[in-house]
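S.K.: One structure is given below, represented as structure tokens, and several questions about it will come after.
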Amino acid sequence: VDAKKFKDAIKCYGEALCATSDAGDLARLYAGRALAHEGLYLFEDALRDYDAALRLCVQGGFAPDPYILNSRGNVRGSLGDWAGAKEDYADSAGLFQGAKGLRRGASTTQRLDAAIYSASNAALADVQLGNVDDALKKIEGLVRRAPNSVDMRAAMAVLYYDIGRFEDAEDAWERACSREAGCVKYKDIDYVQRIRRWPPVMVTKLKAFLDVKQL
């Protein structure tokens, strides 16, 4: 998968699935194969495998894996099921947030970063579903929690511009661009659409915002 040899990966995962009956191993293998399917844009196949992985968690008496829930949300969004995607993102964020060891002293752990990412996805899905006011409130809250999030600062700028808060939009964008990661990726529609996987409505709003910035 890391080498982007997705067809080979799918074959290997299939062989591994036939070689074990352990529920935990099977869940991990299904999740891995789902990721390989995503690499080939086979989203329906990926969804089936993520469903299987999460089903095995339930059958084994385990809590759903929040990473898998977030990934399934991505696939659901790619298939146009943004209500389902939002549900998965929100559940993922909740599980990350409730995980032990979320914080260590004043520093944050990988789980907190993952919680922010899943919650960001849920907020963006809200925009796609037409819940712009709720989405903006959530995004503003996420920016306060994760001030270095270029993703959410860029999204906040786009939504401010969309509702006519032009000065706030400019300020949010400048703050996004001043982060260490910078805002260069958010000037690349292909990255935002295909790699970051913002919902279509957000991508359209971003294009409108960037068009004005280039005038």
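The values are calculated or read from the model by the stated rules, or taken from the named source; none is laboratory data. Fair warning: this is a prediction, and the values are worked out from it, not measured in the lab. With ideal geometry, Cβ positions are generated from the backbone for all residues, glycine too; neighbour counts draw on all protein chains shown. When the accessible area is computed, the model is the full protein with side chains, heavy atoms only, and any ligands, DNA or RNA have been set aside. Shrake-Rupley method; radii C 1.70, N 1.55, O 1.52, S 1.80 Å.
S.K.: For residues that are within 15 Å of the chain's Cα centre (by Cα) and under 19 Å from residue 130 (Cα atoms), tally how many sit in region 155-200.
M.R.: Qualifying residue count for the region: 6.
S.K.: Given the conditions (1) open to solvent by 10 Å² or more (accessible area, probe 1.4 Å); (2) within 25 Å of residue 71 (Cβ to Cβ); (3) in contact with a helix residue (DSSP H, G or I) (Cβ under 8 Å, 6 or more places away or on another chain); (4) modelled with pLDDT under 95, and given that residue 213 satisfies all but one, which numbered condition is not satisfied?
M.R.: The failed condition is (2).
S.K.: Please specify each residue of region 11-27 satisfying the condition of being open to solvent by less than 50 Å² (accessible area, probe 1.4 Å), in a helix (DSSP H, G or I) and more than 20 Å from residue 63 (Cβ to Cβ).
M.R.: 14, 16, 17
S.K.: Now for a different question. Given the options 41, 30, 50, name the one that is among the aromatic types (Phe, Trp, Tyr), open to solvent by 70 Å² or more (accessible area, probe 1.4 Å) and either assigned to a loop (DSSP other than H, G, I, E, B) or within 26 Å of residue 82 (Cα to Cα) (or both).
M.R.: From the options 41, 30, 50, the qualifying one is 41.
S.K.: Hey, does region 160-174 have a residue that's open to solvent by 80 Å² or more (accessible area, probe 1.4 Å), in contact (Cβ under 8 Å) with a residue 24 or more places away in the chain and in contact with a helix residue (DSSP H, G or I) (Cβ under 7 Å, 6 or more places away or on another chain)?
M.R.: No, region 160-174 contains no residue that is open to solvent by 80 Å² or more (accessible area, probe 1.4 Å), in contact (Cβ under 8 Å) with a residue 24 or more places away in the chain and in contact with a helix residue (DSSP H, G or I) (Cβ under 7 Å, 6 or more places away or on another chain).
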